[in-house]
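No lab work stands behind these numbers, since they all come straight from the coordinates. Given the structure is predicted, the values throughout are model-derived calculations rather than measurements. Here the Cβ positions follow ideal geometry from the backbone for every residue, glycine too, while neighbour counts run over all protein chains shown.
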Amino acid sequence: MGAMARTYLRGAPATSLVVELDWMAGRAPSTSALDHLSAILRRECDKPGGIEVRRGSEISTTRTSWTVDDLLVLEHEARSQRSAGSRATMWIAYLGGSFAPNEHALGVSFAGSASAIFRDRINDATSALIIASEIERSVLVHEVGHLLALVNIGYRSRFDHEDAAHPNHSNSRDSVMYWAVEDISVRNLLGGGPPSDFDSADRADLAMLREG
């Protein structure tokens, strides 16, 4: 995580960014989540050549449990867009089943430019007060936040906003980088709905990485 952050945030050498989203049958990303992510990336990333968040293709697999090695194999097989020249890329897979090392995880960033969203676990995290579309939007931005190096991945923030009990996560419930956003606990701990954007400390960190 975070290895590509400065490439994503800065205007050069990569002048454009493509985010490719692939999915298992029945787990396609929602248009509203993609539009929300696109707006945030356009705000935070200096890309004069443009930013495109787009659906890729359906993934042909019925796997229900995923290790990091499984995810890396899937990325190798399914990913069509790779960073090269003036274009940077991210790859995000919407999957069924769960993350084997932590079955409570709603998402995981497992490489410098790749994340997975566990759609079935998002559905499990819903409640009378929090709906799947809200969780999806937040988890998607949360995982991209990790690809952008939040929180304290390869740098040290000027702000004391890392949760000591949950490294690389924010200690603020107002931040999309709060740890519970990517955990099934979101239904109990953030009953009013999860945050879906970076807070001021997160954005200051991104500005530092982009400009420093």
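Quick one: which of ARG63, ARG42, ARG82 is in contact (Cβ under 8 Å) with a residue 24 or more places away in the chain and of a type outside the set (A, V, I, L, M)?
Working: ARG42 fails: in contact (Cβ under 8 Å) with a residue 24 or more places away in the chain; ARG82 fails: in contact (Cβ under 8 Å) with a residue 24 or more places away in the chain.
ARG63 is the lone residue from the list that is in contact (Cβ under 8 Å) with a residue 24 or more places away in the chain and of a type outside the set (A, V, I, L, M).
When ASP160, ASP124 are checked against the criterion of being without any contact (Cβ under 8 Å) to a residue 40 or more places away in the chain and acidic (Asp, Glu), ASP160 stands alone in meeting it. Of all the listed residues (GLU75, GLU52, GLU44), the sole one being surrounded by 14 or more Cβ atoms within 10 Å (Cβ to Cβ), in contact with a Lys or Arg (Cβ under 8 Å, 6 or more places away or on another chain) and either of a type outside the set (S, T, N, Q) or farther than 29 Å from ASN152 by Cβ (or both) is GLU44.
Residue check: is ALA88 surrounded by 21 or more Cβ atoms within 10 Å (Cβ to Cβ) and over 17 Å from GLU143 (Cβ atoms)? When the stated conditions are applied, ALA88 does not pass them. For segment 113-137, the candidate set comprises residues that are among the hydroxyl-bearing types (Ser, Thr, Tyr) and over 21 Å from LEU17 (Cβ atoms); within that set, the residue that is nearest to the chain's Cα centre (by Cα) is SER133. Filter segment 97-111 for residues that are of a type in the set (S, T, N, Q) and assigned to a strand (DSSP E or B) and give the result. The answer is SER98, SER109. Listed by position, the helices (runs of 4 or more DSSP H) inside segment 116-212 whose residues that are under 20 Å from LEU34 (Cα atoms) number at least 2 are 119-124, 132-147. Among the numbered conditions (1) under 24 Å from TRP66 (Cα atoms); (2) surrounded by fewer than 16 Cβ atoms within 10 Å (Cβ to Cβ); (3) over 17 Å from the mean Cα position of the chain (by Cα), the only one that GLY97 does not meet is (2). On the stretch given as segment 28-78, residues that are closer than 29 Å to ALA204 by Cα and charged (D, E, K, R) total 8. Candidates in segment 55-72 are the residues that are of a type in the set (A, V, I, L, M, F, W, C) and closer than 30 Å to LEU209 by Cα; of these, the one that is surrounded by the most Cβ atoms within 10 Å (Cβ to Cβ) is LEU71.
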